[in-house]
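Single-structure report; data block below.
The values are calculated or read from the model by the stated rules, or taken from the named source; none is laboratory data. Please read all numbers here as calculations on a predicted model, not as lab measurements. Cβ placement follows ideal geometry from the backbone for every residue including glycine, while neighbour counts extend to all protein chains displayed.
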């Protein structure tokens, strides 16, 4: 029998502003007009999977040491077709144990944010100081959706999924003694990425955690949310996965809820607040955004139940689509992530 742990609590007032999905509430008020955006002449058949033709290997073209443990890299990614920033946080004992190999924790950004978000908004560096893990925080582009873009079938469409799942793995093995054991966690669109990566690459990640993630991309209202995120960056929504109607199969292939059975064997943590009513009186927009994702998070949990996939699910009352909630949930999820990384579960 599948066991799903459900916890409920009241969210404490956040200290910082909303960092992801800003302005989606206003776009939702349009009645979902963006949800049916398609390109003129878009094919009615599902778009084919595409891959970049140039191949090649991810290369470090810039390196800046931030402190004793943190280094910012600029990497040239064949999969994305450009240069991207990546923040790497090394274990405290990395230098003194030169022959040791380390597991890797991927932390994914939210929408309209960047690779500095986790260290800018949380105490993750301090929290991980005594954890024997390499932490990598890669750029997911301005939309924060770490996926293989369709771009109307173009072979040059950016593939952030290949960049993060494949290219970064090779780079960390070559340059930072990564051992191949991995876990992934993300906020908002990064929560989508965490579950999508684990579902689309079964067995690659020992654990995956989502904090206020978009986990059922085809649930009622969610195509509008996704398309609004893309449109806010002045991109045509259909360049992501095509039309949610004409290219339904491609949306399904990228939908964590539709791929729930592939998450069997991966340790999972899913956190989602209800938004309104919220104790966060200073961030009404964030509370509304959090509530917008409430139903689809429950839908994802139901899909896990149907597939017999165990997970720790924390649905909590109130809350906001903001970093104070996500920092708290990251720490709560650490035992799940640590188990997937082969590390002790203790929270310091």
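Counting only residues that are touching a strand residue (DSSP E or B) at 6+ places or on another chain (Cβ under 9 Å) and over 30 Å from residue 237 (Cα atoms), give me the strands (runs of 3 or more DSSP E) lying completely in segment 60-163 with at least 3 of them.
Of the strands (runs of 3 or more DSSP E) lying wholly inside segment 60-163, those with at least 3 residues that are touching a strand residue (DSSP E or B) at 6+ places or on another chain (Cβ under 9 Å) and over 30 Å from residue 237 (Cα atoms) span 70-77, 102-108.
Just to be sure, is residue 322 at pLDDT below 95 and under 18 Å from the mean Cα position of the chain (by Cα)?
yes
Residue 152 versus (1) in contact with a helix residue (DSSP H, G or I) (Cβ under 7 Å, 6 or more places away or on another chain); (2) modelled with pLDDT of 95 or more; (3) at positive phi: which is the lone unmet condition?
(2)
Looking at segment 280-291, which of the residues that are free of Cβ contacts under 8 Å to residues at least 60 places away in the same chain and touching a strand residue (DSSP E or B) at 6+ places or on another chain (Cβ under 9 Å) is surrounded by the most Cβ atoms within 10 Å (Cβ to Cβ)?
Looking at residues that are free of Cβ contacts under 8 Å to residues at least 60 places away in the same chain and touching a strand residue (DSSP E or B) at 6+ places or on another chain (Cβ under 9 Å), I get 287.
Quick check on segment 292-348: of everything there that is closer than 12 Å to residue 257 by Cβ and free of Cβ contacts under 8 Å to residues at least 60 places away in the same chain, which residue is surrounded by the fewest Cβ atoms within 10 Å (Cβ to Cβ)?
So the residue we want is 306.
Just checking, does segment 286-297 include any residue being assigned to a loop (DSSP other than H, G, I, E, B) and either at pLDDT below 95 or over 16 Å from the mean Cα position of the chain (by Cα) (or both)?
No: segment 286-297 contains no residue that is assigned to a loop (DSSP other than H, G, I, E, B) and either at pLDDT below 95 or over 16 Å from the mean Cα position of the chain (by Cα) (or both).
Any idea which of 180, 144 is over 22 Å from residue 346 (Cβ atoms) and surrounded by 22 or more Cβ atoms within 10 Å (Cβ to Cβ)?
144
Give the number of residues within segment 61-77 that are closer than 10 Å to residue 89 by Cβ and exposed (fewer than 15 other Cβ atoms within 10 Å of the Cβ).
Qualifying residue count, segment 61-77: 2.
Could you check segment 164-268 for helices (runs of 4 or more DSSP H) lying wholly inside it with 2 or more residues that are touching a strand residue (DSSP E or B) at 6+ places or on another chain (Cβ under 7 Å) and either at pLDDT 95 or above or farther than 18 Å from residue 109 by Cα (or both)?
Output list reads 168-176, 189-200.
In the list 128, 90, 108, which residue meets the criterion of being buried (at least 16 other Cβ atoms within 10 Å of the Cβ) and without any contact (Cβ under 8 Å) to a residue 40 or more places away in the chain?
Exactly one residue qualifies, and that residue is 128.
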